[in-house]
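See below for the structure under consideration.
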Amino acid sequence: MRVDHGVTNGTFSLDGHTFEVDNNVWVVGDDDTCVVIDAPHDIDGILSVVGGRRVTAILLTHAHDDHVRVAPRLAEATGASLHLHPAEEPLWKLTHPDRPMPEPLADGQEIAGLTVLHTPGHSPGSVCFYAPDLGCVFTGDTLFHGGPGATGRSYSDYDTIVTSIRERLLTLPTATVVHTGHGRDTLIANETV
């Protein structure tokens, strides 16, 4: 098993504001099959990280448009299942009002060697994916290098994200590598809230 990484560029829109953003694309798997974590701005950018492998699942950390914009089309193109925490439905419907909700993710669920950690705060159904065998965690927008993700928008709460980080992430082994939704990696040992 290995982790592959790419970056795509596009926009993030919420509460009447739009921002240019770069999103990390994380692909976890072996030489034959893999899962994709988040589906931001363009399918070609994601598939270049996938290579020729078969995508078995698309795992969404949360439903802000810059993380799910091409998720339904990527699922259709690859035949992969699509997964999102059910508490993200209001945000999902902002981007994909005519699409059904993806398959539900649940705290503690395991998919392809990844354990789902429900970490609300950035949004109600934000999750992280912990890969103990790889010594890393994929945090979406819950935890970045230097601290918590943003909480100044609809459906977010600062106290909740701090609790999630303290109770669900900072309790992981200190050498755990944090692969974020935007920006550079960090280590659990280097982060505090």
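Things to note:
- Extension gain for the segment Thr174 to Thr18, taken as residue separation times 0.36 nm less the Cα-Cα distance, is 52.6 nm to one decimal.
- Our helix-only sum for the chain, with -39,500 (n - 2.57) per DSSP H run of n ≥ 4 divided by its residues, gives a mean residue ellipticity at 222 nm of -4500 deg cm²/dmol.
- When the chain is treated as a GNM with alpha-carbon contacts under 10 Å, the residue of Thr11, Thr115, Thr139 showing the greatest mean-square fluctuation is Thr11.
- Cα radius of gyration and Dmax for the range 76-131 (Å): 11.9, 33
- Apportionment of accessible area to carbon and sulfur, the chain, percent (1.4 Å): 49 percent
- When you filter the trypsin sites (Lys or Arg not before Pro) in the range 139-189 for DSSP loop state and at most 16 other Cβ atoms inside 10 Å of their Cβ, you are left with Arg153, Arg184.
- Distance-filtered residues of the range 127-158 - backbone nitrogen under 19 Å, label point 7 angstrom along Asp185 Cα→Cβ: 128-147
- Placing +1 on the Cβ of every Lys and Arg and -1 on the Cβ of every Asp and Glu, with no other charges, gives the range 104-171 a dipole of roughly 140 debye about its Cα centre.
- The P(r) of the range 14-55 has a tail past 14 Å containing 50 percent of all C-alpha pairs.
- log10 of Debye I(q)/I(0), alpha-carbon scatterers only, for the range 117-165 at 0.19, 0.22 Å⁻¹: -0.54, -0.69
- Rg/Rh ratio calculated on Cα atoms of the chain (Kirkwood radius): 0.93
- Overall Cα dimensions of the range 16-125, principal axis frame, Å, largest first: 40, 32, 24
- The residues of the chain have, on average, 42 Å² of accessible surface per residue, using a 1.4 Å probe with all protein chains present.
- Simple point charges give the picture: +1 on the Cβ of Lys and Arg, -1 on the Cβ of Asp and Glu, and for the range 1-145 a dipole about the Cα centre of about 140 debye.
- Structural size metrics of the range 133-193, computed from C-alpha coordinates, are Rg and Dmax of 11.0, 35 Å.
The values are calculated or read from the model by the stated rules, or taken from the named source; none is laboratory data. On a predicted model such as this, the values are computed, not experimentally measured, just so you know. Virtual Cβ from ideal backbone geometry, glycine too; neighbours counted across all protein chains shown. When the accessible area is computed, the model is the full protein with side chains, heavy atoms only, and any ligands, DNA or RNA have been set aside. Shrake-Rupley method; radii C 1.70, N 1.55, O 1.52, S 1.80 Å.
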